[in-house]
Amino acid sequence: MSNLEIVTGAGPVGSAVALQLAEQGINVRLLTRSGSGPEHPLIDRRRVDVSDSEALRSVSEGATAIYTASTPPTTQPIGSGNSRRPRRLCSTQPHPSEPSWSSPKASTPTTPTP
């Protein structure tokens with residue numbers, strides 16, 4: 001495969017990314033624990049444990065990009081207080097629970113000092 005790109009995870013996000021890439025004519029290797037995922041002539045579905053770095057390195061050889069859309073397995077029970085809250089990576093509007101990165105406007109005009 002020439003223009004090969006890797007997608008890990010076949011949930012809603014991983015499946016959508018894999019299909020969008022394939023519809024653009026890009027060869028996709030979709031890596032999941034079960035080998036599942038959407039069917040498309042340009043999608044090569046593989047059963048791979050992506051937490052195994054050697055296995056991931058092997059199936060990623062020759063790839064030009066890797067898209068990570070998988071959730072690592074956890075040994076912590078749900079509600080144990082050790083859950084990870086998902087974060088948005090890009091947005092045009094701030095979320096009320098996230099810190100604001102904008103600085104307040106200056107109350108008086110500033111002029112450069114020599």
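Structural remarks
- Residue in the stretch 1-31 that is most open to solvent (accessible area, probe 1.4 Å), counting only those that are in contact (Cβ under 8 Å) with a residue 60 or more places away in the chain and farther than 14 Å from T68 by Cβ: M1
- Of the residues making up the stretch 32-48, those that are among the polar types (S, T, N, Q) and loosely packed, with under 15 Cβ neighbours inside 10 Å are S34, S36.
- Filtering S51, S58 for residues that are open to solvent by less than 100 Å² (accessible area, probe 1.4 Å), at pLDDT 50 or above, closer than 28 Å to A18 by Cα and within 16 Å of the chain's Cα centre (by Cα) leaves a single hit, S51.
- Of all residues in the stretch 37-69, those satisfying the criterion of being of a type in the set (S, T, Y), more than 11 Å from N27 (Cα to Cα) and outside any strand (DSSP E or B) are S51, S53, S58, S60.
The values are calculated or read from the model by the stated rules, or taken from the named source; none is laboratory data. Values in this document were obtained by computation on a predicted structure and should not be read as measured data. Note that we place each Cβ from the backbone using ideal geometry, even for glycine, and neighbour counts take in every protein chain shown. When the accessible area is computed, the model is the full protein with side chains, heavy atoms only, and any ligands, DNA or RNA have been set aside. Shrake-Rupley method; radii C 1.70, N 1.55, O 1.52, S 1.80 Å.
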